[in-house]
Structures are given as structure tokens and as C-alpha cells.
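In what follows, a single structure is set out as C-alpha cells and then discussed.
The values are calculated or read from the model by the stated rules, or taken from the named source; none is laboratory data. Computed from a predicted structure; not experimentally measured. All Cβ positions, even for glycine, are placed from backbone atoms using ideal geometry, and neighbour counts span all protein chains on display. Keep in mind that these areas ignore ligands, DNA and RNA; they rest on the heavy atoms of the full protein, side chains included. Shrake-Rupley method; radii C 1.70, N 1.55, O 1.52, S 1.80 Å.
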Amino acid sequence: MNRRKSDTDYAYAVARVRANELSLLSEADMEQLIDADSYEDAMRKLSDSGWGDLDESGDYATYLENYFAKTWDLLDEVLEGDTSSLNMLLIPNDMQNLKAALKGLILQGDTQGSYTKSTVYDTDELVAAVKDKRFSDLPDFMQEPAQKAYDVLVSTANGQQIDAIIDKATLEQMLKLAKETKSSTMTALAERKCACADIKIALRCANTKKTGEFLRNSLAECDSLSVDRLCEAAAEGQEAILDYLGETEYAEGADKYRESTSAFEKWCDDILMDCVYEARYTALGIDPIVAYYIARDAEIKSARIILSAKKNGLSNDIIRERVRTLYV
């Protein structure tokens, strides 16, 4: 049996990550991107900042995905191939690929471009197991939701229900993996990711008049919110959900949602950054490495918001309202 790593085992990895933090974009860098004269100018600024060469397609989504993949390549290198302590961060990618593979059974076409990079499990093996309906060959936590989603697929082809089944299983596995690390940062991240997802689901279900059964089957249990209270509130409507949130640590989120959905989405990402700020002053352990990953993630989201807005001709003021809080 492999021993659990001690904080000192991460000394080299933390040192490498600290060096790479110097390349994170600052608020001043983001301002330069926002003030870029055009989409093409913003892309050139990213390239000049070391984000990689531009290709002829000008596709920012692929460009950003390739850059973010380098973050995981770095972590894989500094952790010498043993990234198991970070599985919580990548499991959503595996589950997204599970969704794509299941839906590929209906499409009967090439879905290769639908799969996300940087995963815990081998994507080719996952896709092959789903294609042959060998769900028992999937990792244990995937087997039941995969079978349930497949049953929905062949009986109703209800994409929303399939998403709900897989998304709930994703959140439950993230919480489980985070608690196993014994890292307070990882646990707080997973808890807030789960809570924000539950809030979004409850609001969406209330606004679209989904049944209580659908909602209950979609929500993942977490420590900071009551699934029962969320379901009861959703039955009454959006305002009842926001009133319930006012009684919890997510009261600010309710205020942001009343302000606008974009303000709420920004808040959901920003409270994740709150979880990792302390890691800037931590010398050892897994937390600084997790913080670096979250920092890069926030950086990528902000770049995506800016590039999308530039492409669609949105004003700089609107862009500033949506850009995420950065780590540096």
C-alpha cells in the first residue's frame, strides 16, 4: 500500500509552482486585454504574453483549451506522474467525457472532438466501454449513473435528464475525493462547487417549472445547504429560493442573482478563489498546487469572457463587470 504523502513531499512541486505563478496575468494585464482595439488584438496580446502561437483558425476556444492543458502537464511533471491527490479537480472532465460518449450512441458519428483533455481515467477506454455498453468496466462510481443515463437515453432520449444524472454523480464524487485528501482547501472547494451547482439547478428548475422529483434527483447532498429546504423553496418559486439563501452563508449570492445572472455567475467563481487565497502563504503541502490550478482556471475564464465579448462587440464596461477575480 502506498503511504499518504506528507506536506514536505510536495516541497519541490510547490517551489516549481511558485516560480510559474510569476507568469499569471495580473489585473493590469487583464485591463490591457479589455482595452484591446479588437478581438484579433486581444489574441495577439495573449500570444505575446506566452500563451502560445496563434493558428489560422482564430478559434479562441481551442486556443485556451490547449493553453490550460499545459497547466496540467506542468502539475503532472512536478508531481512526478502521481497526481492522484488532485483527482477532485479533474473528475468533472471524465464525467463530461462520459456524457459525450453516451450521447454519441445516439449521434452514431465521430464525437472525438467532444472529449475534454486532462482526465483521471483513459478517455479511449472510457469511450470504448460506453460504445460496447460494458458499463461494469467503468470506474465504480461511474457504473450506476452510466447505466441510468443509458436507460434514459434509449427510452426517452431526454438530454436534460441525462445531464442531471451525470452531474449529480460528478458532484458526489468530487466531495468524496476532496474529503479523502484531508485538505481543508480541497474540501472547501468541493463544498462550494457543489453548493453553487445545487443553487443553479434549483433556480433553473423553479424557472422552468420542473417537477419536484426531477429536482430532488438532480441535487447533490452537501454540508452547507439543505436539499430539503431547496426543494421546498423551488416549489414556491425563485424568490423563495433566494430568501432561503439569505439564511445561509450564500446570502451574497442571492443579492448578486437579484442584480443579474452574470453577477451571480461571477460570484460563484469568485467564492472559489476565496478558498485558495490562504495558500499564497503556505510553504508546503498540496494546497499551493491546488491554488495554482484554480488561479489558472480563473485566468482562462476571464480570457474567455474578454475574447467572446470582443468578438461580439460588447463594451469594455460590460466586460469589466464579468471578469473574474484573479489570484495575483
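The table that follows gives values for the structure above.
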read-out	value
Checking Ala233 against (1) within 22 Å of Asp163 (Cα to Cα); (2) surrounded by 15 or more Cβ atoms within 10 Å (Cβ to Cβ); (3) out of contact with any Lys or Arg (no Cβ under 8 Å at 6 or more places or on another chain), the condition it does not meet	(1)
Hey, Ile318 open to solvent by less than 40 Å² (accessible area, probe 1.4 Å), farther than 30 Å from Ser226 by Cβ and among the aliphatic types (A, V, I, L, M) or not	no
Checking Ser218 against (1) over 27 Å from Ile294 (Cβ atoms); (2) out of contact with any Gly (no Cβ under 8 Å at 6 or more places or on another chain), the condition it does not meet	(1)
Single residue of region 263-286 satisfying the filter (open to solvent by 30 Å² or more (accessible area, probe 1.4 Å) and under 18 Å from Ala15 (Cβ atoms)) that is nearest to the chain's Cα centre (by Cα)	Arg280
Qualifying residue in region 98-113 (condition: of a type outside the set (Asp, Glu) and modelled with pLDDT of 95 or more)	yes
The lone exception for Ala157 - which of (1) under 30 Å from Leu225 (Cβ atoms); (2) open to solvent by 40 Å² or more (accessible area, probe 1.4 Å); (3) hydrophobic (A, V, I, L, M, F, W, C) it fails	(1)
Residue match in region 78-89 (condition: open to solvent by 40 Å² or more (accessible area, probe 1.4 Å), free of Cβ contacts under 8 Å to residues at least 60 places away in the same chain and over 24 Å from Ala283 (Cα atoms))	no
Index of the failed condition, Ala11 passing every other in (1) among the small types (Gly, Ala, Ser); (2) open to solvent by 70 Å² or more (accessible area, probe 1.4 Å); (3) in contact with a Leu (Cβ under 7 Å, 6 or more places away or on another chain)	(2)
Some residue of region 57-73 being in contact with a Leu (Cβ under 7 Å, 6 or more places away or on another chain), over 29 Å from Ala309 (Cβ atoms) and assigned to a helix (DSSP H, G or I)	no
Qualifying residue in region 162-175 (condition: over 24 Å from Lys193 (Cα atoms) and surrounded by 14 or more Cβ atoms within 10 Å (Cβ to Cβ))	no
Selection from region 22-40 of residues that are in contact (Cβ under 8 Å) with a residue 24 or more places away in the chain and open to solvent by 30 Å² or more (accessible area, probe 1.4 Å)	Ser23, Ser26, Glu27, Asp35, Ser38
